[in-house]
1. For D65, what accessible area in Å² do you get when you roll a 1.4 Å probe over the heavy atoms of the protein chains, rounding to the nearest 10?
2. Enumerate by residue number the chymotrypsin sites (Phe, Trp or Tyr not before Pro) in the stretch 114-181 meeting two conditions: DSSP loop (anything except H, G, I, E, B), and at most 15 other Cβ atoms within 10 Å of the site's Cβ.
3. Within 10 Å of each candidate Cβ there may be at most 12 other Cβ atoms; applying that plus a DSSP loop requirement, which trypsin sites (Lys or Arg not before Pro) in the stretch 82-163 survive?
4. Would you mind telling me the antiparallel percentage of the DSSP bridges in the stretch 185-284, rounded to 5?
5. What FRET efficiency would be calculated for the residue pair D437, L349, taking the C-beta separation as r and a Förster radius of 30 Å, to the nearest 0.05?
6. Counting other Cβ atoms within 10 Å, keep those with at most 13, restrict to DSSP loop, and tell me which GluC sites (Glu not before Pro) in the stretch 201-249 are left.
7. For the modelled label position 7 Å from the Cα of D191 along Cα-to-Cβ, which residues of the stretch 105-121 have backbone nitrogen atoms closer than 19 Å?
8. Taking 0.36 nm per intervening residue step and subtracting the Cα-Cα distance, what contour gain separates I103 from T254 on full extension?
Amino acid sequence: MTDTLSRYPTLSGDPPQRRGVFLVAAVVGLCVIAVGSYLALAAYFLRSEAATTPERAQFFASSIDDALTRLEHLPYVLSIDESTLDALITGDTAELDPILADIAARAGAEFVFVLDVNGKTVASSNYRDRDSLVGNFYTFRPYFRDALAGESGRYYAVGVTTGRPGYFIAEPVRDSAGTIHGVVTVKIGFDDLSRALSGNGELVLVADEQGVVLASSDPELIYGYMSPISDFERQTLEEQQQFGDKTLFPLDWTPESERRARLDGTAYVWTRAYLEEEDWSLHLLSEVRNSRRQALLYVAGGLMTLLLLTVAASVYRATQLRNALAISNADRQRLTREIEERRIAEKKLETARTELAQKEQLAALGQLSASITHELGQPISAMRNYLVAEEIAANAEPNALWPQLSGLVDRMQRIVDQLRLFGRTSASSPTSFPVQDTVHAALQLVQHTAREAGIRIEVSLPEAQVRVRGRPERFEQVIVNLLRNAIDATQDHDEGAVKLTMREERGSVILSVADNGHGLGDLDIADLSKPFFSTKPSGKGMGLGLAISGQIINEMGGTLHAENGPDGGALFVIALPKPDDSDA
């Protein structure tokens, strides 16, 4: 590992004072480069902004011209319509109101209304509204006076009735002789125009010839004036009521050059464009700080990139050092892993040997039990027959003459029965059989024993037939063994009870036998399944029942589990797979 680390030189040999001077010089140089880059980029972005704003300003001006002229044909079309002239001549304008309302809705005009020669509104598209124009006089409006003089009237004003700003276009209504009988006026709303300007992200002002802001992307600037208004101009505005009850106010506007201005203390790149339809000007203002902010972002991005490269170099160096350390630790980790794998393998091998020895022991015991059963079965039966004959001859009760001898014969018979069960091999082949029938057959075999011991057996089985695959006579042995064990475990209980239940769950058949006896204690199914292991007193059993039962359940592809019941006693659970339909 020392050789590995020696391949990576360090600065540890440099004097600390020299490294400090180098660091200070690097920081100062970086600051100078950053400031110079910022100033150069800010100037560049300002020039770029000044070069592109004239086109945008002219685009906005053209858009406003289009908005002002899109309905300029409508007043003329209505003025030459015979129904308009007839309504003005006859004075019957009731039928004209709904026509004007429909035209205004279809054309997108705010109002369409007709005035007589006295300036009185005789018909209007908003005749149904509370603020209807019908009956109002507008002789003071310049557009009315221009139309009454035979010209097209155009005028921006705030509605006296509605209080909403708009652009009015008026045309005179003439008869065939050229006599003017009234005026048709269309109002184009200005609120939508201001909202359209506010969606571009820049500050836009539209001012009239006096410098009063008529529309703006910032609603707070509307009705402010960019240059002082003379007393004569104020008097004219009051006579014409151009701005209604709106209050005009001065803007904090200071032009600094042809392309730079300040508004409310903020510096802007200033671009002007002029409308064709009106003597209005459009002012496009782009904040200088946007260009400075953009330059600052570029400089910050450069510094961040440099910082990231520095960090990346440091990380790379640290990675190389970690790799060197990892190489030195690789062998140790590999050896640790191999030792652990070998330990696990040895443990598995020992388990396999134990299981093999147990199976060989069970096989030898099976052969031995078959021989013992064959040799002892007949002598024990003969002894029992002699005892019974003597009892009959003496006219005595069963087991009354030689109770100790009878007990010994019964004990030997029980041992021989268990050995016969252990050594028996079934001649039948596995088949699909109903579990309920096998359970009922097992209950018949243990019912008498349970009744004599005073044990209550409760059975809960599904009504529908449930089938499993195996040898029914061997499965019956398992049920009988579990029930007898449960009966033996509850004999000393005042109200001994054994409960056998069965259910289907996720493709399996679950059969459980529970009792309220003394339970299993600290034992588990592995302990109980060992050959010749028994919790019963000597002479009551050989400890082969659960070993045989576990072997039978394993042959059927199932599992046998034992645990202490939740309410006391022992609980044995058998889980068997349900056969496929083809096996049923």
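1. 20 Å²
2. F140
3. Within the stretch 82-163, the qualifying trypsin sites (Lys or Arg not before Pro) (loop, at most 12 other Cβ atoms within 10 Å) are R128, R130.
4. Working: 19 of 21 bridges.
Here the share of antiparallel DSSP bridges comes out near 90 percent.
5. Details: r = 44 Å, r/R0 = 1.46.
Efficiency computed from Cβ-Cβ geometry: 0.10.
6. When the GluC sites (Glu not before Pro) of the stretch 201-249 are filtered for loop state and at most 13 Cβ neighbours within 10 Å, E209 remain.
7. Residues passing the 19 Å test: 105-113.
8. Values: separation 151, 0.36 × 151 = 54.36 nm, distance 4.49 nm.
Between I103 and T254, full extension yields 49.9 nm more.
The values are calculated or read from the model by the stated rules, or taken from the named source; none is laboratory data. The model shown is predicted, which means the values in this text are computed figures rather than measured ones. All Cβ positions, glycine included, derive from the backbone under ideal geometry; neighbour counts span all protein chains shown. For accessibility, only protein heavy atoms count, side chains too; no ligands or nucleic acids. Shrake-Rupley method; radii C 1.70, N 1.55, O 1.52, S 1.80 Å.
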